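No lab work stands behind these numbers, since they all come straight from the coordinates. Treat the numbers as computed from the prediction; the structure is a model and nothing was measured. Here the Cβ is made from the backbone with ideal geometry for all residues, glycine too, and neighbour counts use every protein chain on show.
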Amino acid sequence: MNVHNREIILIGPLKPLIVKGLDAVGIVHKTAEAKDADAFYASHANVRAIACSATTELLGEPFMKRFPKLQIISSFGVGYDHIDAKAAAARGVIVTNTPEVLTEEVADTAIALLLCTVREFPQAERYLRAGKWLQKPYPLTKATLRNRTVGIVGMGAIGKAIARRLDAFGVPVVYHARRQRHEAGHRYYPKLLDMARDVDTLMVIVPGGAATANMINAEVLDALGPNGVLINMARGSVVDEPALGKALMEKRIMAAGLDVFAKEPEVPQELIAMENVILFPHLGSASVYTRDRMDQLVVDNIAAWAAGKPPLTPVPETPFTSWKN
């Protein structure tokens, strides 16, 4: 493939590892440096590759039509709900993401969020800093992992990694997913509501998108009950935020730990004001070590394309057969 066929559009922030890696592959056109997005895209309509260095605007059918020769979109992150993968498949465009390299980091964060929520570690730390320990000890926490059963919503690679950690903690685990994972070794619930009724803790780790929008709604929260704890490590769209806020205020569930929100970085003020809610600023994979590995996989998928090799991590909707001419 000659250098002009290796022109790449880079959407998103100019992350050094991605920029340097892509510069070694081909000619990189950076949207971050464009003054007029429409004119920029029109001037590069013949590119065959797009790299997304972070979650961006929706890359749907109208966007892809701008690039009739497009062959690959290499996207940063496991979630790819910002890309219309079905439209990409119809156009013969391969979409890749960055799974596996962040699995353990996100699972670590999920457990940390769960512990912070049930044991009130952030509140206790603030209590000490405020000098209140000098007057009296921090109150005993009402919740603990010792008498809880965790229902994991979604049993992909990250869900399995979370389950392994909970097994080591001696915490009973069950799960709900689109299909049963026999290799998971835990009880499977075909219906989310049935699982919510039987557990007191839900940990959510499913993809975003229309299929999972507001799947954790008022009905699910009521089924979880007044001792219930909700942990969301998925996408903000998966939880009905107003319904969650109401359930917390009315004490229909006990507490929540949230790493993601519907309109990031905006967080509802009612959630910020609640002491029984732990809020993380989308920390799931946010370490230098893991983010570097994710950045490198964005580059490696583009490099494979440029060399005429199969992509490393195509998403299920766009299985690779061959590169079109």
- Per DSSP H run of at least 4 residues, take -39500 (n - 2.57); add these up for the chain, divide by its residues and hand me the 222 nm value, nearest 500 deg cm²/dmol. -9500 deg cm²/dmol
- Query: What is the distance, in nm, between label points placed 7 Å from the Cα along the Cα-to-Cβ direction at Glu317 and at Ala273?
  - Reply: 3.8 nm
- Let me know the charge dipole size of the stretch 103-279 about its Cα centre in debye, to the nearest 20, where only the beta-carbon of Lys, Arg (+1) and Asp, Glu (-1) is charged. 440 debye
- Query: What percentage of all Cα-Cα pairs in the stretch 103-279 are separated by more than 25 Å?
  - Reply: 29 percent
- Message: Within a 10 angstrom radius of the beta carbon, how do Ile111, Ile94 rank from fewest other beta carbons to most?
- Response: Ile111, Ile94
- Anything over 18 Å Cα to Cα? Flag those among Lys30/Lys309; Lys69/Lys324; Lys65/Lys324; Lys65/Lys86, in the order listed. Lys30/Lys309
- Counting other Cβ atoms within 10 Å, which GluC sites (Glu not before Pro) in the stretch 15-110 have at most 16 and lie in a DSSP loop? Glu57, Glu100
- Message: Please compute the length gained on full extension between Thr149 and His182, using 0.36 nm multiplied by the number of residues separating them and subtracting their Cα-Cα distance.
- Response: 9.9 nm
- Sorted by mean Cβ packing within 10 Å, highest first, what order do the peptides 136-148, 169-181 take? 169-181, 136-148
- Kirkwood-based shape ratio for the stretch 1-62, expressed as Rg/Rh from alpha carbons: 0.94
- Message: I want to check a number: in the stretch 103-279, how many lysine pairs have alpha carbons closer than 20 Å, given a sequence separation of 8 or more or different chains?
- Response: 4
- Message: If neighbour count is taken as other Cβ atoms inside 10 Å, put Leu59, Leu134, Leu202 in order from fewest to most.
- Response: Leu134, Leu59, Leu202
- Message: Please arrange His182, His82 by how many other C-beta atoms lie within 10 Å of their C-beta, fewest to most.
- Response: His182, His82
- Message: For the stretch 176-278, place one equal point scatterer on every Cα, skip the solvent, and apply the Debye formula. What is log10 of I(q)/I(0) at q = 0.20 Å⁻¹?
- Response: -1.01
- What net charge do the residues around Met155 carry, taking every other residue with its C-beta under 10 Å from that of Met155, with Lys and Arg at +1 and Asp and Glu at -1? +3
- Note on the structure: Taking placed amide H atoms and a strict 5 Å upper bound, the residues 5 or more places from Lys30 or on another chain that come that close are Leu10
